[in-house]
């Protein structure tokens with residue numbers, strides 16, 4: 001139709017249930033949704049620097065190929081121009097989200113937007129670090145609001161984080177929160193750290209009777225409908241440390 005769509009989170013209508021937090025993160029999610037070839041994030045500085053760009057001796061980082069290129073870098077807030085609602089922290093986080101989903105990112109200044117769109121070398125280029133995932137999994141990892149939490153034992157943590165299995169009742173130590181089947185919940189290790197997020201298949205009130213028990217025993221006692229995962233692998237994302 002010859003129109004340019006403008007997507008923006010409006011604080012006057014956003015709710016706790018439907019909130020992305022900042023427009024940089026929203027941009028990364030929309031770029032994935034529309035299968036964009038490139039995400040361009042604009043700031044008031046011409047890229048990511050290895051320190052405060054106002055201090056002599058700091059250098060612009062031309063490329064970021066992975067997390068190792070960001071080690072030791074102090075990422076500050078937005079500069080005096082205040083372009084956009086997010087500072088450099090949110091822009092780098094958005095770049096990480098997009099790159100991990102298979103979309104390269106250029107982070108540059110608003111004055112160099114045209115050069116970025118022409119493919120000229122400008123700003124900081126974030127290489128792809130992963131492949132495209134299902135839209136709902138990207139939403140689950142970066143835009144959903146957990147309704148509760150399940151604390152796992154060490155074996156279940158390994159199965160979820162390092163393996164390819166689903167979360168079974170036997171690996172759950174405790175449950176908290178009020179949620180219904182289909183809601184997003186946080187999966188935590190014994191120390192309380194969030195290691196994953198998933199869509200739960202039980203209501204919160206059902207889970208206490210399942211803790212630490214095998215699906216076979218549950219099916220024998222409660223019926224065949226209880227011989228299922230608490231969180232299926234297809235509805236689970238491991239969170240980046």
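The values are calculated or read from the model by the stated rules, or taken from the named source; none is laboratory data. Predicted model only: the values in this text are computed from it and were never measured. Cβ placement follows ideal geometry from the backbone for every residue including glycine, while neighbour counts extend to all protein chains displayed.
Taking the criterion of being more than 30 Å from residue 234 (Cα to Cα), crowded, with 22+ Cβ neighbours inside 10 Å and modelled with pLDDT of 90 or more, the residues of the range 87-115 that qualify are 106, 107, 108. Filtering the range 191-226 to residues that are in a loop (DSSP other than H, G, I, E, B) and farther than 27 Å from residue 137 by Cβ leaves 212, 213, 214, 223.
Yes/no per residue for (1) surrounded by 12 or more Cβ atoms within 10 Å (Cβ to Cβ); (2) in the same structural domain as residue 61 (by TED's automatic domain parsing); (3) assigned to a loop (DSSP other than H, G, I, E, B); (4) at pLDDT 90 or above:
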position: 9; (1), (2), (3), (4): yes, no, yes, no
position: 13; (1), (2), (3), (4): no, no, yes, no
position: 18; (1), (2), (3), (4): no, no, yes, no
position: 27; (1), (2), (3), (4): yes, yes, no, yes
position: 30; (1), (2), (3), (4): yes, yes, no, yes
position: 37; (1), (2), (3), (4): no, yes, yes, yes
position: 40; (1), (2), (3), (4): yes, yes, no, yes
position: 47; (1), (2), (3), (4): yes, yes, yes, yes
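Of all residues in the range 126-153, those satisfying the criterion of being modelled with pLDDT of 95 or more and out of contact with any helix residue (DSSP H, G or I) (no Cβ under 7 Å at 6 or more places or on another chain) are 149, 150, 151.
Can you say whether residue 174 is without any contact (Cβ under 8 Å) to a residue 60 or more places away in the chain and in a strand (DSSP E or B), as far as the supplied structure shows? Judged against the criteria, residue 174 is a match.
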